[in-house]
Amino acid sequence: VTGAIAPAAEVRVFLAMGGNLGDVLGAFRRVLAALPARGVRVGRVSHAYRTRAMVLHLGDEPGPDYWNAVSEAHTALAPRALLALCQELEDDEGRERVRKWADRTLDLDILVYGDRVTEEPDLTLPHPGLAKRLFVLQPFADVDPDFPIPGLSQTVGQLLARFPDRNAGIEYVMRGWL
Ligand code: PH2
Ligand code: MG
Ligand code: MG
């Protein structure tokens, strides 16, 4: 219809949730409950994984174990708007930004935004750590193992299968946690 404003098309995104301080699964649940009213329709959600903290420098004392999970979602928010929303939800959970990789109540990262491939100072898509981290790939594979990662010529399942030890750092799988 002439003059009508077309609604922005929704894009399929994948979000990673992590945290190792406080009631992390509670934080995950609150985030998933808050997203729909903020323009993000939540789709499939992975199991929750208890994982050993990955440290920044070899030899660093690891902090408490993390919980990690991945969620599929659909949104018409632009990448920057989605990133700002993620940071706002982290702040709502009392996230303190003390230093890189500090222990945290909630980390909410954009893993994938549609087929977008971009490298900007604070927003690299797909997430640069994705292919290297079992605590991301394993829950991602729960949600969609056949998803081809934009910019890489491999699916989530193929990346996962390349890991020599498919349980490395994964202590426990919590099913039906939502
Ligand atoms: N996130 C980090 C640093 N280390 N370790 C685990 N197991 N899980 C995480 O999500 C994680 C981490 C910084 O984002
Ligand atoms: Mg992170
Ligand atoms: Mg983050």
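Computed from the Kirkwood radius of its Cα pairs, the Stokes-Einstein diffusion coefficient for region 4-155 at 4 °C and 1.567 mPa s stands at 81 µm²/s.
Take every pair of alpha-carbon atoms less than 8 Å apart whose residues are at least six positions apart; their mean separation over the length of the chain yields a relative contact order of 29 percent.
Accessible area per residue for region 40-167 is 52 Å², calculated with a 1.4 Å probe on protein heavy atoms, without ligands, DNA or RNA. For region 5-138, the carbon plus sulfur part of the accessible surface works out to 52%, probe radius 1.4 Å. Given an 8 Å cut-off on Cα distances and at least 6 residues of separation, report the relative contact order of region 134-178 as a percent. So the answer I get is 39 percent.
The alpha-carbon atoms of region 89-131, seen along their principal axes, cover 31, 19, 18 angstrom, with the largest extent given first. The tail of the calculated P(r) for region 1-64, taken as Cα-Cα distances beyond 19 Å, holds 53 percent of the pairs.
Please report the equivalent ellipsoid semi-axes of region 27-78, computed as sqrt(5 x eigenvalue) of the Cα gyration tensor, largest first, in whole Å. All intermediate terms of the calculation are to be shown ahead of the outcome.
On the way: eigenvalues 171, 30, 19 Å².
That gives 29, 12, 10 Å for the three semi-axes.
With runs of 4+ DSSP H residues as the only contributors, calculate the mean residue ellipticity of the chain at 222 nm using -39,500 (n - 2.57) per run, divided by the residue total and rounded to the nearest 500. The helix contribution divided over the chain gives -7000 deg cm²/dmol.
The values are calculated or read from the model by the stated rules, or taken from the named source; none is laboratory data. Note that the structure is a prediction, hence the values are computed from the model and not measured. Surface areas here come from the heavy atoms of the whole protein model, side chains and all, with no ligands, DNA or RNA. Shrake-Rupley method; radii C 1.70, N 1.55, O 1.52, S 1.80 Å.
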